[in-house]
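To start, the structure under review is shown below, and the notes come after it.
Bear in mind that the values in this text are calculations on the coordinates, not laboratory data. If you're wondering where the values come from, they're calculated on a predicted model, not measured in any experiment. Glycine gets a Cβ as well: all are built from the backbone with ideal geometry, and neighbour counts include every protein chain shown.
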Amino acid sequence: MDFELSEENRIFREAIREFAQREIAPLVEEAEASHTFPIQLFKKMGDQGFLCPRYPLELGGGGGDKITECIMVEELCRINPGIASGLMVQSGLATAPIYRFGSEEQKEKFLIPAIKGEKIGAFGLTEPDVGSDAAAIKTKAVRDGDSYAINGTKMFITNGPICDYVIVAAYTDPSRRGEGINLFIVEKGTPGFTVSRKLNKVGNWSAETGELVFEDCRVPAKNMIGEKEGGGFAQLADTLVSGRITYGARSIGTAQAAYDLTAQYAKERVQFGKPISKFQINRFRLAEMAMYVDIMRSYTYRVAWMYDQGKKVRKESSMVKLFTSEILQKILADAMQIHGGYGYMMEYPIQRYWRDGRLFTVTEGTSEIQHLVIANELGL
Ligand SMILES: Cc1cc2nc3c(=O)[nH]c(=O)nc-3n(C[C@H](O)[C@H](O)[C@H](O)COP(=O)(O)OP(=O)(O)OC[C@H]3O[C@@H](n4cnc5c(N)ncnc54)[C@H](O)[C@@H]3O)c2cc1C
């Protein structure tokens with residue numbers, strides 16, 4: 001067994017850490033205050049192969065693997081989970097279906113520009129009335145000659161307000177629950193596609209989230225991902241298995257930042273004549289936080305490694321998502337408690353990680369849905 005990162009991965013971690021400090025950290029306050037994503041980052045990261053690090057070099061990616069992608073997300077979340085989420089969608093949900101199942105033409109037109117940061121992608125599955133029960137989506141795509149007419153509404157879409165294209169899940173055959181779904185690439189500017197509103201969120205302010213409406217929106221038939229009608233549900237499942245591993249890295253980076261901020265605060269804050277880090281309860285809490293971060297990291301990277309080996313990790317990726325996002329809630333609650341009243345003040349950064357991380361038990365499959373997947377995979 002070898003628990004060390006490879007030489008390439010270590011070099012990548014140093015490079016992305018340095019990039020995040022230099023290029024992203026200075027943008028955080030403005031992005032958070034204005035609730036806008038600093039879109040220049042797409043191109044900046046794309047130019048260096050940082051944006052989609054696991055895709056091959058010949059497509060403009062970093063030539064890495066799933067572990068590389070996890071390192072990227074972990075390092076970016078330490079700096080700002082909101083900005084990281086917009087970039088994480090680009091490296092995963094908004095590109096993976098095209099990479100895995102798209103045509104050569106779709107790769108040329110959408111995937112390569114997205115990997116290079118020249119086009120911003122989004123991924124639209126959730127609807128106003130449909131979240132966890134993904135097979136119940138109401139959006140439909142009806143074939144008409146060389147195009148499909150898409151009708152429906154997509155809710156809570158990360159990068160929706162700033163995207164150049166969105167991958168939309170829609171039924172081509174509503175009579176086949178789940179099986180009759182396909183994924184379509186819809187370009188910004190296509191008549192009938194509008195961003196009806198940008199949503200105000202509790203956290204992740206520097207990521208832009210929107211509601212997207214499709215009204216008789218005609219997309220060329222060649223924008224359907226996959227060669228035949230149906231089969232989109234399997235493409236979604238494939239995309240989510242990978243995404244849930246990356247999600248572990250999202251929780252690790254957020255947890256590491258919370259630990260770092262809290263350990264530093266506890267050493268500096270003095271009560272009863274000594275730093276509060278010297279009180280046993282805080283020492284123990286900090287010790288537990290560090291222990292959890294280490295376990296989160298070990299497990300997530302192990303499953304990322306399994307994924308890279310081509311192993312089937314449907315169960316394990318849900319375990320990563322469930323475990324890391326739930327433990328993160330405890331870490332964040334303890335971090336806030338150790339910060340006392342200052343933790344509740346906006347000028348202290350810990351509140352941002354607390355607000356941002358609260359989301360993580362909800363998106364890309366709630367904790368309850370992860371339990372269901374794991375139980376199903378166990379044959380229970
Ligand atoms: C900030 C943000 C960004 C997002 N980005 C995207 C995006 O880019 N693309 C996208 O498609 N979606 C996105 N989402 C949507 C997200 O994936 C959904 O919110 C999530 O899947 C849950 O769906 P829901 O909110 O409709 O909750 P619901 O499905 O209505 O669930 C409500 C509660 O009921 C529980 N529940 C539901 N079914 C069961 C069951 N069978 N057994 C036990 N409990 C159950 C859930 O676990 C949850 O606790 C985003 C959401 C947010 C908030």
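The table that follows gives values for the structure above.
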item: Sequence of ILE137, ILE115 once ranked by neighbouring C-beta atoms within 10 Å, starting from the fewest; result: ILE137, ILE115
item: For the chain, built as a Gaussian network whose Cα springs stay under 10 Å, the top-fluctuating residue of ILE157, ILE295, ILE327; result: ILE295
item: Tilt relative to the chain, helix 66-79 - C-alpha long axis, 0 to 90 degrees, to 10; result: 60 degrees
item: Given charges at Cβ of Lys, Arg, Asp, Glu: the range 32-103 dipole, positive-most of MET88, TYR99, SER34; result: TYR99
item: Among 58-66, 3-11, the order from most to least packed when residues are scored by Cβ within 10 Å on average; result: 58-66, 3-11
item: Solvent-free Debye scattering, log10 I(q)/I(0), computed from the Cα coordinates of the chain at q = 0.07, 0.10, 0.13 Å⁻¹; result: -0.31, -0.62, -1.04
item: Additional length obtainable on full extension of the chain from SER103 to ALA25, 0.36 nm per residue less Cα span; result: 24.4 nm
item: For the chain: relative contact order, % (alpha-carbon pairs under 8 angstrom, 6 or more apart); result: 16 percent
item: Fewest-first ranking of THR209, THR361, using other Cβ atoms within 10 Å as the exposure measure; result: THR361, THR209
item: Point-charge dipole on Cβ atoms (K/R +1, D/E -1) for the range 270-380, about Cα centre, debye to 20; result: 240 debye
item: Unit charges at the beta carbon, dipole of the chain: most positive-side option, ALA266, TYR247, LEU212; result: ALA266
item: Inter-probe distance in nm under a simple model that places probes 7 Å from Cα toward Cβ, at ALA33 and TYR342; result: 2.2 nm
item: The chain: angle of helix 7-19 to the longest principal axis, Cα-based, in degrees nearest 10; result: 80 degrees
item: Helical mean residue ellipticity (222 nm; -39500 (n - 2.57) per DSSP H run of 4+; nearest 500) of the chain; result: -15500 deg cm²/dmol
item: Ranked list, fewest to most other Cβ atoms within 10 Å of each Cβ, for HIS339, HIS371; result: HIS371, HIS339
item: 13 Å beta-carbon shell around ARG283, net charge (K/R +1, D/E -1); result: +2
item: Whether the range 50-157 is rounded, prolate or oblate, judged on the alpha carbon gyration tensor where a/c under 1.5 counts as rounded; result: oblate
item: Helix 280-308 vs. the chain, principal-axis angle (Cα, 0 to 90°, nearest 10); result: 30 degrees
item: Formal net charge of residues neighbouring GLY231 (Cβ-Cβ distance under 13 Å; K, R +1; D, E -1); result: -2
item: Cα-centred dipole magnitude for the chain, charges only on beta-carbon of K, R (+1) and D, E (-1), debye, nearest 20; result: 820 debye
item: Three-way shape label, the range 174-220, alpha-carbon gyration tensor, a/c 1.5; result: oblate
